[in-house]
Amino acid sequence: MNCDQNIGPLDDGWKLQTNFQPVIPFHLNENWNLISRTIVPVIYQDDIFPGSGSDFRLGDINLSLFFSPKKPAFGALLWGAGPVLLFPTATESLLGSEKWGAGPAAVALTIRGSWTMGALANNIWSYAGDNDRPDISNTFLQPFVAYTWPSAWIVSVQSECTYNWKTENWSVPVNAAVPKLVRWGKLPVSMQVSLGYRAESPDAGPEGFRFRLQVSFVLPKLFLTLLNRETNGNLQKRG
């Protein structure tokens, strides 16, 4: 959940965007996985444009598919590459582009002791949609670095830079977060709060600070196996 403020030509607008973002690995064969990363935004915004009022709707869905080798490159580098797809699913014109888009995507990361570092990047071009809406040519770059203590406390810094090749504008938020890995029963859950600042923003874009709350449910294969065993055991007892 991201909260941005000072949006619009009068800096009166604000936006609360909740992203439902499942990341799911699929086994392809003994050498390769396919990892899907879907972003489903639910947006509430107010006074983005003078007189626009408030909107609470679904935004455009973004889907990335990464083909990733199971064996790390050079012994320590995890990577994946594939397509990124943009779907014009916004239920209100102000909350989406009304364009279909596609392009390449890649991700790479490495773990060195307590440090995790890497980057995700993609570029989306529009290829269909409403002819009256601007075409899309956007590059997205997300570098990140994190340090993990044995107590499962984490400090991370990352950015979510976007460059619009049509308007030649950058958006550069820098975010610092403090995640903590906890357990709800047997389920590992990562919880974090984050504070960001927009070092660069386009005209009428959000300015100043960004606030973020994030909860990630981790479903490892072992957890799913245990859950299935418990479910089957309960059914057998009832039987």
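The values are calculated or read from the model by the stated rules, or taken from the named source; none is laboratory data. As the structure is a computational prediction, the values presented were derived from the model and not from experiment. Note that each Cβ is placed from the backbone with ideal geometry, even for glycine, and that neighbours are counted across all protein chains shown.
Here are some residues: P104, P9, P50, P22. Which one is more than 19 Å from R210 (Cα to Cα), surrounded by fewer than 17 Cβ atoms within 10 Å (Cβ to Cβ) and at pLDDT below 90?
Only one candidate qualifies: P50.
R183 fails exactly one of the following numbered conditions: (1) at pLDDT below 90; (2) not in a strand (DSSP E or B). What is the number of that condition?
Looking at each condition in turn, R183 falls short on (2).
List, please: which pairs have Cβ atoms under 7 Å, are six or more places apart or on different chains, and start with a residue in region 206-226 that is farther than 14 Å from P188 by Cβ and end with one that is modelled with pLDDT of 85 or more and of a type in the set (D, E)?
The qualifying pairs are P206/D4; R210/D4.
What number of residues within region 83-101 are part of a strand (DSSP E or B) and crowded, with 19+ Cβ neighbours inside 10 Å? Write out each step before concluding.
Going residue by residue through region 83-101, those that are part of a strand (DSSP E or B) are 83-87, 99-101.
Applying the additional criterion that residues be crowded, with 19+ Cβ neighbours inside 10 Å yields 84, 86, 99, 101.
Here the count works out to 4.
Of everything in region 115-160 that's on the phi < 0 side of the Ramachandran plot and in contact with a Pro (Cβ under 7 Å, 6 or more places away or on another chain), which residue is surrounded by the most Cβ atoms within 10 Å (Cβ to Cβ)?
That would be N122.
Name the single residue, out of those in region 4-49 being closer than 23 Å to L219 by Cα and of a type in the set (D, E, K, R), that is farthest from the chain's Cα centre (by Cα).
E30
Quick one: is D60 modelled with pLDDT of 95 or more and either β-branched (V, I, T) or surrounded by fewer than 16 Cβ atoms within 10 Å (Cβ to Cβ) (or both)? Steps first, please.
On the way: modelled with pLDDT of 95 or more: yes; either β-branched (V, I, T) or surrounded by fewer than 16 Cβ atoms within 10 Å (Cβ to Cβ) (or both): no.
In short, no.
Condition first: aromatic (F, W, Y) and within 22 Å of F209 (Cα to Cα). Now tell me which residues in region 126-166 satisfy that. Before the answer, list the steps.
If we filter region 126-166 for residues that are aromatic (F, W, Y), which is where we start, we get 127, 140, 144, 147, 149, 153, 163, 165.
Passing the criteria: F140, F144, Y163.
Can you pull out every residue in region 173-208 that is under 15 Å from N6 (Cβ atoms) and touching an Asp or Glu at 6+ places or on another chain (Cβ under 8 Å)?
We begin by selecting, within region 173-208, every residue under 15 Å from N6 (Cβ atoms); these are 173, 196-208.
Answer for region 173-208, where residues must be under 15 Å from N6 (Cβ atoms) and touching an Asp or Glu at 6+ places or on another chain (Cβ under 8 Å): P173, R198, S201, P206, E207.
Could you give every pair whose Cβ atoms fall below 7 Å, whose first residue belongs to region 63-92 and is over 15 Å from V107 (Cα atoms), and whose second residue is β-branched (V, I, T), counting only separations of at least 6 or pairs across chains?
L86/I124; F87/I61; T89/I61
When you go through A204, A176 one by one, which is the residue that is of a type in the set (A, V, I, L, M), assigned to a strand (DSSP E or B) and touching a strand residue (DSSP E or B) at 6+ places or on another chain (Cβ under 8 Å)?
Working: A204 fails: assigned to a strand (DSSP E or B).
Answer to the check: A176.
Sort out which residues of region 48-62 are without any contact (Cβ under 8 Å) to a residue 40 or more places away in the chain and over 17 Å from P88 (Cβ atoms), and write them in order of number.
Answer for region 48-62, where residues must be without any contact (Cβ under 8 Å) to a residue 40 or more places away in the chain and over 17 Å from P88 (Cβ atoms): G51, G53, S54, F56.
Please go through region 206-229 and pick out each residue that is at pLDDT 85 or above, surrounded by 14 or more Cβ atoms within 10 Å (Cβ to Cβ) and hydrophobic (A, V, I, L, M, F, W, C).
Those that are at pLDDT 85 or above, surrounded by 14 or more Cβ atoms within 10 Å (Cβ to Cβ) and hydrophobic (A, V, I, L, M, F, W, C): F209, F211.
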